[in-house]
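Notes follow once the structure below has been shown.
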Amino acid sequence: MLLTSIAIAVFAPLQYLGGDLAELGAGGNRVAANYAQRSALIQAVLYIHIVTAGVALVVGGAQFSHRLRTRFPLAHRYSGRLYAVAALLGGASGLVVACTSAAGLTGLIGFGALAVGWMWSTASGWASARSGRIADHRAWMIRSFALAYAAVTLRVWLLVTIPLLGGFDTAGDNFARAYAPVPFLCWIPNLIVAETLIARRNLPGLRP
């Protein structure tokens, strides 16, 4: 999980930071092509989302290391704060760019819910740690990282579904069909797995 997080956290930012959105769009990146048509403000928020979400992926994956928590508690604490800040910024910026998602209304609702859930679980995890509720903190951070990991599962779904639809085509129709359910598929299964892990570890579940 950590290796795939690092791979996506490095690949995605480099892809966008190393090239113009219009150029990436012309090269077949349909998401870049969509945001190349947006305002400078939306594009700036997109880059903030890419960078902060990438930081959250790398730092968040390392936070689950038992060795880090037990042998280097101070490093765990400060890297946890870094994760929380990156996740909150990534979620807030993700909520903004969801409004102009290439998936339309589905993207707005799906990615919007993902962004809100990511910020909510992260803030809850941070608050529970500050108040000394460690079991609650662990449960919330499992949820938070499960939602952060949507950046990885999103790409996995596309890698699986696009070939099944016939591969990439010039018009981008296969990508559009594959991308349509992704705003929900990229995070709902992750959250189900997270709740399963939380229950198996006897950590606090979601209270009504």
Picked from segment 36-56 (must be open to solvent by 50 Å² or more (accessible area, probe 1.4 Å) and polar (S, T, N, Q)), the residue modelled with the highest pLDDT is S39
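Select, from W140, W157, the only residue that is crowded, with 16+ Cβ neighbours inside 10 Å, aromatic (F, W, Y) and either in contact with a strand residue (DSSP E or B) (Cβ under 9 Å, 6 or more places away or on another chain) or closer than 21 Å to G54 by Cβ (or both).
Values: W140 fails: either in contact with a strand residue (DSSP E or B) (Cβ under 9 Å, 6 or more places away or on another chain) or closer than 21 Å to G54 by Cβ (or both).
Of the residues listed, the single one that is crowded, with 16+ Cβ neighbours inside 10 Å, aromatic (F, W, Y) and either in contact with a strand residue (DSSP E or B) (Cβ under 9 Å, 6 or more places away or on another chain) or closer than 21 Å to G54 by Cβ (or both) is W157.
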Scanning segment 14-35 residue by residue, the ones that are modelled with pLDDT under 75 and surrounded by 14 or more Cβ atoms within 10 Å (Cβ to Cβ) total 1
ask   = Yes or no: W118 touching a Ser or Thr at 6+ places or on another chain (Cβ under 9 Å) and more than 18 Å from S5 (Cα to Cα)?
value = no
- Is segment 193-204 home to any residue that is open to solvent by less than 40 Å² (accessible area, probe 1.4 Å), closer than 20 Å to A62 by Cα and under 17 Å from the mean Cα position of the chain (by Cα)? yes
*asked:* It is to be established whether one or more residues within segment 57-70 are exposed (fewer than 14 other Cβ atoms within 10 Å of the Cβ), at pLDDT below 90 and of a type in the set (D, E, K, R).
replied: yes
Counting only residues in segment 165-181 that are assigned to a helix (DSSP H, G or I) and at pLDDT 85 or above, the one most open to solvent (accessible area, probe 1.4 Å) is identified as R177
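Residues that are of a type in the set (D, E), in contact with a Cys (Cβ under 9 Å, 6 or more places away or on another chain) and within 22 Å of I162 (Cβ to Cβ), at least 3 per element: which helices (runs of 4 or more DSSP H) completely within segment 19-134 meet that?
Numbers: elements: 21-26, 30-36, 40-62, 66-71, 73-98, 105-130.
The helices (runs of 4 or more DSSP H) meeting that bar number zero.
The values are calculated or read from the model by the stated rules, or taken from the named source; none is laboratory data. All values reported here derive from a predicted model rather than from experimental measurement. Positions of Cβ are generated from backbone atoms using ideal geometry, with glycine treated the same way; all protein chains shown enter the neighbour counts. These accessible areas exclude ligands, DNA and RNA; they are computed on the full protein's heavy atoms, side chains included. Shrake-Rupley method; radii C 1.70, N 1.55, O 1.52, S 1.80 Å.
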